[in-house]
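Written below as structure tokens is the structure these notes are about.
Read-outs: derived from the displayed coordinates by stated rules, not from any lab. What you see is a predicted model, and the numbers here were worked out from it, not measured in a lab. Every residue, glycine as well, gets a Cβ built from its backbone with ideal geometry; the counts of neighbours run over all protein chains shown.
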Amino acid sequence: MLSDGNPRQNVTLAVPRDVLAAAKHLAVDEDTTLSGLFAQLIAAEISRRTQKADALGRIRQRLAHGYALGTSGRSVATREELHER
């Protein structure tokens, strides 16, 4: 999702100092910059949410369509028959 050809926009973030320190260490470990790390994390979250929304849309379509269970809309057994012990 990261588009290296797109122009960049500067942003200002306020984060707790301990979070910033940990992010700097993570960026070093990942061989990237804070900006690069931030961009990767935001892009990953956008992708995750988009995939989730798409999946929910597919689920809703399937539920709206329904499934043929071979019963023609009639119950094949009474509640008592189903729960006999």
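Annotations for the structure displayed:
- Label positions at GLN9 and LEU82, each projected 7 Å from the Cα along the C-beta direction, are separated by 5.3 nm.
- Between the residues LEU82, THR71, ALA39, the greatest Cα displacement towards the positive end of the dipole of the chain, with unit charges on the Cβ of Lys, Arg, Asp and Glu, is found for THR71.
- Across q = 0.23 Å⁻¹, the chain modelled as identical point scatterers on its alpha-carbon atoms has Debye log10 I(q)/I(0) values of -1.12, in the order of the q list.
- Helix 34-65 vs. the chain, principal-axis angle (Cα, 0 to 90°, nearest 10): 10
- Rounded to 0.05, the FRET efficiency of the GLN61 and GLN40 pair, given R0 = 25 Å and the Cβ-Cβ distance, is 0.20.
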